[in-house]
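Read the structure below first, then the notes.
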């Protein structure tokens, strides 16, 4: 029996990543192995890989500028001020539990808004999360939980709520492709079709919050920007706790710098919202800091370089992921992977639904994008679902869930890379073991189970 090239490539990539081989190397080795097995040859494989890299260059540049913008915010002293405010509330009233869950709710809300109401995707993470790390550390919150919170908002909302990115995924991509494949989509409610799979995501979230990561976890109190940190605590050298120092000095944070930082953030968000360009938004946000003197001209080069270093690894991974995806498409073996699985069905709807969802998991984890998976699988899944007797609503649920499966838990997905970019700003959050593995366990497994239930009952 011939091994499918796409399946082998994904298995190799995931296996090497879990074995602590760097994600970039894992993606490259997996792509080469898949390309060679498919008969592309080393030259054609590398050409396809390089074509994907070219397609991902703009993404990487955008993230580099976003990193510079994030460091400029840290340089303004706003992170210390925010963290200090939170800690003051904890120290004053002993209400750390309430504050903790309010922070959780805020992170989930912002993650949801980033997909639907304010469609900026993961751009908010390097801006919002780093200022809160000191507070998270003080409350001994497990960062794996924070990764799960953010990923829940990033994935669940676009696969369930048909607005913003949800409108693109559910209506413009999924329903469009389902309709073109032969199903009348006139009376299909995507919200109804995806409600049960989305509930599975919610169950995974509850398990992460109240079971898996409820125990305290210790982190070192490290800072993002040394100069800003030193400025915040220089008058409080006798205090024992760095965070207490920051809290005590938060009141002396320049109101002008705070207002400038807020203005820069608003500028970046608004520009991205209206131009759909993360690159332009980050650049103009950084320009606000420069124009107001918060980041002085002689310091700009250092701040900019620090920001690029901050996001460089994420950028490299995303570029490499684009190359990997391009090789997978060039093999021409995604469709045979799906077709080959049909031999296992034997007319059994339950087995068919499980296999179709599992194939979606493999494809999405390899490509790293739910949005790219749907067009690949819809053309094959729709006729298959019709022949097996699935209702139109169940068919939509299968395809929508199969596309979303693997977004959480993929080393190459921005739904895991995004949380890592904010949580690893001080080097204490591993992408694979702290973002990829937790989100895979808490979301892909429940999503697979509840997607199967939806296929059976709708």
For this session: Having 3 or more residues that are surrounded by 18 or more Cβ atoms within 10 Å (Cβ to Cβ) is the bar; report the helices (runs of 4 or more DSSP H) wholly within the stretch 103-192 that clear it.
Result: 125-128, 130-138, 143-156
For this session: May I ask you to verify whether residue 170 is closer than 28 Å to residue 73 by Cβ and either in contact with a helix residue (DSSP H, G or I) (Cβ under 9 Å, 6 or more places away or on another chain) or free of Cβ contacts under 8 Å to residues at least 12 places away in the same chain (or both)?
Result: no
For this session: Take residue 382 and decide whether it is within 26 Å of residue 70 (Cβ to Cβ) and surrounded by fewer than 24 Cβ atoms within 10 Å (Cβ to Cβ).
Result: no
For this session: Mind telling me which of the residues 264, 247 ends up being at pLDDT 80 or above and either touching a strand residue (DSSP E or B) at 6+ places or on another chain (Cβ under 7 Å) or buried (at least 21 other Cβ atoms within 10 Å of the Cβ) (or both)?
Result: 264
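The values are calculated or read from the model by the stated rules, or taken from the named source; none is laboratory data. These figures come from a predicted structure and were not determined experimentally. Counting neighbours? That spans all protein chains shown, and the Cβs are built from the backbone with ideal geometry, glycine included.
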